[in-house]
Amino acid sequence: MVISKKMTKEEPFVDDKDIENIINKGGSTTAEIEVRETLKKETKFTLRVPPEIVDKLDKERNSRVGNISRHQLILELISKGLK
């Protein structure tokens, strides 16, 4: 059995210019990041729908070509109603 020396990792060379470039690059503040993340999130809530309306939704879904979820249909109808 051959015994070999452990390999050591060489530290990468970083000069002061590279360090200054990273520091001066800048970036977003924490507040800006939080605002962007809040705007991206969807709002979730529970919607209680009477059975009659659910039946109408299902009839509309079944009359369409292809498979569409109730969720998608409700979003489309809300979008049309808001325009």
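Of note:
- Compared with the dominant principal axis of the Cα atoms in the chain, helix 30-40 is inclined by about 30°.
- Applied to the stretch 55-70, the Karplus parametrisation 6.51 cos²θ - 1.76 cosθ + 1.60 on θ = phi - 60° returns per-residue 3J(HN,Hα) values of 4, 5, 4, 5, 5, 5, 4, 6, 7, 7, 7, x, 10, 10, 7, 4 Hz, with x for Gly and Pro.
- Debye equation applied to the C-alpha atoms of the chain, log10 I(q)/I(0) at 0.11, 0.16, 0.17 Å⁻¹: -0.64, -0.89, -0.94
- Rounded to the nearest 20 debye, dipole of the chain from Cβ charges on Lys, Arg, Asp, Glu: 640 debye
- In the calculated pair-distance distribution of the stretch 44-83, the portion above 12 angstrom amounts to 64 percent of the Cα-Cα pairs.
- The sum of -39500 (n - 2.57) across all DSSP H runs of n ≥ 4, divided by the residue count of the chain, sets its helix-only mean residue ellipticity at 222 nm to -17500 deg cm²/dmol.
Taken together, the values in this text are just the output of simple stated rules run on the coordinates, not laboratory data. For clarity, every value in this text was computed on a predicted model and none was experimentally measured. Cβ coordinates were reconstructed from backbone atoms using ideal geometry, including for glycine residues, and neighbour counts include every protein chain displayed.
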